[in-house]
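So the structure is just underneath, and the comments pick up after that.
The values are calculated or read from the model by the stated rules, or taken from the named source; none is laboratory data. Just so it is clear, the model here is predicted, and its values are computed rather than measured. In this analysis, Cβ positions are derived from the backbone assuming ideal geometry, glycine residues included, and neighbour counts consider all displayed protein chains.
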Amino acid sequence: MLRITNATKTFHPGTPNEVLALQGVDLHLEPGDFLIVIGTNGSGKSTLQNSVAGTFMLDSGRIRLNGHDITRWPEHKRARLIGRVFQNPFSGTAPNMTIAENLALAARRGKPRGLGWALNRETRDRFREQVRALNMGLEDRIDNEIGTLSGGQRQALTLLMASFVKPNLLLLDEHTAALDPKTADQVIHLTKQVVERDRLTTLMVTHSMQQAVHLGNRLIMMHKGRVIHDIRDDEKKRMRVEGLLDRFEEVRRVEALDLPAAELLKAAYI
Amino acid sequence: MNVLISTLTIGLILSLLAFGVYISFRIFNFPDITTEGSITLGAAVAAALILHGSENPSWFTTPWAATLLGGLAGGVAGVATGVLHTRFKIHGLLSGILVMTALYSINLRVMGQSNLSLNDVPTIFSGPQFLAEQLHPAPADGGVNQLPFAGWNLFVNDLAALAFTLLLIAAVGAALYFFFRTNLGTAMRATGDNAQMIRALGSNTNAMLVWGLGLSNALIALAGAIFAQYQKFADVQMGFGMVVLGLASVIIGEALVRSRDLVLTIIGSVMGSLLFRLLVAIALQWGLNPNDLKLITAGFVFIALVLPGFVSKLGKRKVGGLQHA
Ligand SMILES: Nc1ncnc2c1ncn2[C@@H]1O[C@H](COP(=O)(O)OP(=O)(O)OP(=O)(O)O)[C@@H](O)[C@H]1O
Ligand SMILES: [Mg+2]
């Protein structure tokens, strides 16, 4: 379904700010896989997602999705295949447009946008029902501007929008990180529902160990632009929060050994 | 009273300018100053074609065709600005400046001289005025055709122009409203509102901006083409200060309607343009030096931009693209 081969990405190459954000990532997802991505801050999780979504192009490596080589496709073209929810609740919706208008935009993801009406009675009724299913009491507010909604409501809508036209790949980047715990739970519940209903191939980044343990059939841990752990199926099922924390601890230990060594090397070279 | 009628007519014509500025500055958040060149371009193309037709009449020299071609030329200029910005990654303001500057020479080429008179040629107002003559014939002694109304004597020609312009603006306003309710128009509005989101939903935001600027400048050039025919001359300098003038109209309109509703903002742009013209006419009546007009308009827009109280009164909207971090 999704096949990433030897992906590399360096930001600000050749400057003092150089960041090796991806250093040869290989990843292969089967249809229906629900992959959880965890890792320390700056380990390249978002960079991986952004390079799949086409926010920027890879320096090298290939990305295949659903039989297409999308490595060089621009972002808007990849959107035909990909649904996305961002960490920032403001990123996924147009604040000065109504709920119904936002949904109408999502209903045509990857389809040509011509001079047909964006909204008519039939689509409005359909949207209202779908919004009702969110159980957030938004069905009577579909003509309100999205900017008037809470972050959680906006994230729930963004999730609905991302899955409106069934995507070949769903990208979720810490989409509950900006929400309070209760709302986050609501959105996670919805996420599970949507992913299971359509058996969506999903790549979800999270910082929540709870989510990492309870969701998905596979988990990878990233560190410094590399995949350092890949835990699947039964092992993933048996995974507990403590087990994950151990792995983080392990990284930290290696790090502690590495840092002085790196310093020594640097000193030797300069 | 006749001054009022012509003030209103000009206000209505320039509401096309307000529509255009609204699209670029508000909908796309793009500070487009191609405006100053494209309004003149519309006037120049329309005037040159009409004058050309007085010797070599052809379908494209009829006032209507000339007006539409003027608008089309403006659209091309807007597309050019959009392409400079999206394709060649030139700063938005600079893209507009480049096209505007190039248009100055192009406008001179089109006109062949720095101004053209349309005094003895047909314009898009000729038809309506002819119709009005039929309804209310001129006096047999060849005097001015006037219509007594509530103690005033109104020029029939001016009334006909006003009525015609009103219909035209209503039609364009309605067309814009319907356009922005289509899938394409909705995606355009989303491009200005949240470009990241609409890209993730599969729209090419660069293409949206290019066509949006094309639409904006086509409307602005249409304003120029009609304005030139109304005042019966085109001048290569006429675009000067038009961005600020259009912005002033848009800001007044927003203060009047205080809503983001599509219908209301479109009506607001028309009202803003009318009110701005009226204020100018009143100020001139009071003895304001016309040369000071641009200073005062710029001052007004400045105050509207920086006075937080004023701006928040306008419905908490930022003035797109002007307040750079
Ligand atoms: N657009 C960019 N320009 C420059 N540097 C970037 C850019 N995006 C990411 N980086 C850098 O690349 C590295 C990896 O960033 P990335 O956002 O992928 O990390 P992450 O794993 O998502 O971290 P977090 O958990 O904090 O979200 C970081 O050092 C970051 O500063
Ligand atoms: Mg991140």
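Tallying residues that are out of contact with any Leu (no Cβ under 9 Å at 6 or more places or on another chain) and within 16 Å of ligand 2 (Cβ to nearest atom) within the stretch A:21-49 yields 7. Listed by first and then second residue, the pairs with beta-carbon distance under 7 Å, at least 6 apart or on different chains, first residue in the stretch B:160-187 and facing another protein chain (nearest Cβ under 8 Å), second part of a strand (DSSP E or B) and surrounded by fewer than 18 Cβ atoms within 10 Å (Cβ to Cβ), are B:ARG181/A:TRP117; B:THR182/A:TRP117.
Just one of the listed residues (A:ILE231, A:ILE220) is out of contact with any Pro (no Cβ under 7 Å at 6 or more places or on another chain), within 16 Å of ligand 1 (Cβ to nearest atom) and more than 14 Å from every other protein chain (Cβ to nearest Cβ), and it is A:ILE220.
From the list B:LEU215, B:LEU209, the lone residue that is in contact with a His (Cβ under 8 Å, 6 or more places away or on another chain), within 30 Å of A:ALA79 (Cα to Cα), among the aliphatic types (A, V, I, L, M) and buried (at least 20 other Cβ atoms within 10 Å of the Cβ) is B:LEU209. If the condition is being of a type in the set (Ser, Thr, Tyr) and within 14 Å of chain B (Cβ to nearest Cβ), then the stretch A:52-81 contributes only A:THR55.
Residue under question is A:ILE4, and the condition is that it be touching a residue at least 12 places away in the same chain (Cβ under 8 Å) and away from ligand 2 (no atom under 16 Å from the Cβ); does it hold? Please lay out each step first, then the result.
On the way: touching a residue at least 12 places away in the same chain (Cβ under 8 Å): yes; away from ligand 2 (no atom under 16 Å from the Cβ): yes.
In short, yes.
Check every one of the helices (runs of 4 or more DSSP H) wholly within the stretch A:142-240 and list those with 1 or more residues that are closer than 20 Å to A:PHE86 by Cβ.
Numbers: elements: A:151-162, A:181-198, A:209-214, A:233-238.
So the answer is A:151-162, A:181-198, A:209-214.
Looking only at residues of the stretch A:52-83 that are more than 16 Å from ligand 1 (Cβ to nearest atom) and hydrophobic (A, V, I, L, M, F, W, C), we find that the one that is nearest to A:LEU29 (Cα to Cα) is A:LEU65. The residue list B:ALA223, B:ALA281, B:ALA234, B:ALA218 contains one member that is in contact (Cβ under 8 Å) with a residue 60 or more places away in the chain and in contact with a strand residue (DSSP E or B) (Cβ under 9 Å, 6 or more places away or on another chain), which is B:ALA234.
For the stretch A:100-141, a tally of residues being within 13 Å of chain B (Cβ to nearest Cβ) and not basic (Lys, Arg) returns 18. Here B:ALA234 meets each of (1) in contact with a helix residue (DSSP H, G or I) (Cβ under 8 Å, 6 or more places away or on another chain); (2) surrounded by fewer than 23 Cβ atoms within 10 Å (Cβ to Cβ); (3) within 21 Å of B:SER6 (Cα to Cα); (4) among the small types (Gly, Ala, Ser) with one exception, condition (2).
Beta carbons closer than 6 Å, at least 6 apart along the sequence or on distinct chains, pair a first residue in the stretch B:123-140 that is outside any loop (DSSP other than H, G, I, E, B) with a second that is of a type in the set (Val, Ile, Thr) for B:ALA132/B:VAL156. List the residue pairs whose Cβ atoms are under 6 Å apart, where the first residue sits in the stretch A:70-87 and is hydroxyl-bearing (Ser, Thr, Tyr), the second is within 16 Å of ligand 1 (Cβ to nearest atom), and the two are 6 or more positions apart or on different chains. Listed pairs, sorted by first residue: A:THR71/A:ILE63. Limited to the stretch A:163-183, what total is found for residues that are under 15 Å from the mean Cα position of the chain (by Cα) and either in contact (Cβ under 8 Å) with a residue 60 or more places away in the chain or more than 16 Å from ligand 2 (Cβ to nearest atom) (or both)? The qualifying residues number 12. All conditions in (1) away from every other protein chain (no Cβ under 12 Å); (2) within 13 Å of ligand 1 (Cβ to nearest atom); (3) under 24 Å from B:ASN206 (Cα atoms) hold for A:GLN49, with the sole exception of (1). Beta carbons closer than 6 Å, at least 6 apart along the sequence or on distinct chains, pair a first residue in the stretch B:238-267 that is within 14 Å of chain A (Cβ to nearest Cβ) with a second that is in a helix (DSSP H, G or I) and at pLDDT below 90 for B:LEU264/B:VAL257.
Kindly provide the set of residues from the stretch A:90-99 that are more than 22 Å from A:ALA177 (Cα to Cα) and either surrounded by 23 or more Cβ atoms within 10 Å (Cβ to Cβ) or facing chain B (nearest Cβ under 7 Å) (or both), ordered by number.
If we filter the stretch A:90-99 for residues that are more than 22 Å from A:ALA177 (Cα to Cα), which is where we start, we get A:96-99.
Result: A:ASN96, A:MET97, A:ILE99.
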